[in-house]
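Here the structure comes first, spelled out in structure tokens, and everything after it is commentary.
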Amino acid sequence: AAPLAIVRGAGEAADHGIVMRTGEAFQTLRQVGTVVLDKTGTLTLGKPTVRGIHVHGIGEDELLTLAAAAEHSSEHPLARAVVNAANDRGLAWPEAGEFSSLTGLGVIAEVDGRRVLVGRPALLTEHGIDTAPLQEAIESWTSTGHTAIAVAVDDTPAGVIALGDALRPEAADTVTALRQAGITPVLLTGDNHRAAAHIASQIGITEVHAEVHPDHKAAIVRDLQADGRRVAMVGDGINDAPALMQADVGIAIGTGTDIAMESADIILVRDHLHLLLDARRISRTSYRKVK
Ligand code: ADP
Ligand code: MG
């Protein structure tokens with residue numbers, strides 16, 4: 001049976017909106033020296049919206065129509081944002097024919113007989129499409145913390161859609177408090193380097209791993225563990241699940257995906273990053289009482 005102090009600690013945590021799924025989570029959390037934070041949906045609210053469109057040889061509405069048709073079947077939050085923007089403009093789009101979704105990259109779909117690619121600029125490059133005409137727009141949007149997704153139509157670069165996702169209001173405070181507790185915060189994201197660096201500098205994180213493919217997030221956690229440090233990972237998405245399991249303590253945001261929550265040791269039910277600090281405090285005081 002769990003020591004009484006742990007049971008009481010779990011009760012106190014629950015009162016704050018923190019679910020400790022294992023007794024071990026308490027013991028390990030107090031020893032954590034590194035906290036890895038996912039960007040989208042963890043440090044940000046995870047509700048991206050379209051903030052700008054840059055077109056190349058095509059009209060804005062046409063670009064958005066083709067992109068929405070291609071993204072229609074994707075569950076990705078960026079895809080939802082593109083579809084919403086097309087809806088807001090009152091656009092209607094045809095059903096896509098062949099469709100494929102490439103994890104961490106984007107989508108490829110056939111729309112009215114045209115092949116449409118929407119995703120990371122790397123998705124276009126990998127298909128032999130030159131992104132040079134889009135580069136200036138991509139750089140200007142990403143340097144201000146936006147996610148820039150590129151669109152190609154029939155193997156021709158057609159435009160850039162810039163998406164923004166607001167930082168959680170408590171993100172900077174939480175990172176400052178972690179630092180003051182001697183914990184190293186690390187940012188981990190599939191998003192581009194520039195946007196990641198912009199957000200990291202806004203909230204005081206200096207260690208950034210960006211453009212990390214979902215399959216590699218767990219490997220980054222493993223590398224951080226290699227020097228003997230205890231690592232906590234905070235995430236919300238399907239693509240965070242392996243990293244949450246790899247971490248010494250996996251912490252899922254309660255508004256996140258079911259898979260993230262099933263993979264975590266601790267769930268922050270109330271959707272607020274300060275709970276991370278409460279969880280740590282409770283784990284420390286409970287453990288002290290056990291000793
Ligand atoms: P994150 O770690 O930020 O949740 P993902 O690994 O899901 O990011 O995706 C990484 C990048 O791949 C995104 O920033 C985006 O550029 C691109 N991407 C992935 N899926 C899509 C999609 N459905 N539409 C457009 N771009 C996408
Ligand atoms: Mg996320």
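The values are calculated or read from the model by the stated rules, or taken from the named source; none is laboratory data. Computed from a prediction, not measured in an experiment: that's the story for all the values here. Cβ coordinates were reconstructed from backbone atoms using ideal geometry, including for glycine residues, and neighbour counts include every protein chain displayed.
Name the helices (runs of 4 or more DSSP H) wholly inside segment 197-274 in which the number of residues that are at pLDDT 95 or above and more than 16 Å from ligand 1 (Cβ to nearest atom) is 3 or more. Lay out the reasoning, then the answer.
Numbers: elements: 217-225, 241-246, 258-263.
Of the helices (runs of 4 or more DSSP H) lying wholly inside segment 197-274, those with at least 3 residues that are at pLDDT 95 or above and more than 16 Å from ligand 1 (Cβ to nearest atom) span 217-225.
Only one residue in 240, 223, 227 is within 11 Å of ligand 2 (Cβ to nearest atom) and either assigned by TED's automatic domain parsing to the domain that holds residue 266 or touching a helix residue (DSSP H, G or I) at 6+ places or on another chain (Cβ under 8 Å) (or both). Which one?
240
Go through segment 189-239 and count every residue that is closer than 15 Å to residue 143 by Cα and surrounded by fewer than 14 Cβ atoms within 10 Å (Cβ to Cβ).
Count: 2.
Please work out which residue is farthest from residue 274 (Cα to Cα), limiting yourself to segment 168-182 and to residues that are surrounded by fewer than 21 Cβ atoms within 10 Å (Cβ to Cβ) and small (Gly, Ala, Ser).
182
Cβ-Cβ below 7 Å, separation at least six or inter-chain, first residue in segment 99-116 and of a type in the set (D, E, K, R), second buried (at least 22 other Cβ atoms within 10 Å of the Cβ) and in a strand (DSSP E or B): which pairs?
Here the result reads 114/153, each pair linking segment 99-116 to a residue that is buried (at least 22 other Cβ atoms within 10 Å of the Cβ) and in a strand (DSSP E or B).
Can you say whether residue 125 is surrounded by 15 or more Cβ atoms within 10 Å (Cβ to Cβ), of a type outside the set (A, V, I, L, M) and more than 15 Å from residue 159 (Cβ to Cβ), as far as the supplied structure shows?
Considered against the rule, which asks whether it is surrounded by 15 or more Cβ atoms within 10 Å (Cβ to Cβ), of a type outside the set (A, V, I, L, M) and more than 15 Å from residue 159 (Cβ to Cβ), residue 125 comes out as no.
Of all residues being under 30 Å from residue 208 (Cα atoms) and polar (S, T, N, Q) in segment 33-83, which is surrounded by the most Cβ atoms within 10 Å (Cβ to Cβ)? Just the residue, please.
42
If you check residue 25 against the conditions, is it at pLDDT below 95, within 30 Å of residue 179 (Cα to Cα) and surrounded by fewer than 19 Cβ atoms within 10 Å (Cβ to Cβ)?
On the way: at pLDDT below 95: yes; within 30 Å of residue 179 (Cα to Cα): yes; surrounded by fewer than 19 Cβ atoms within 10 Å (Cβ to Cβ): no.
Criteria not met by residue 25.
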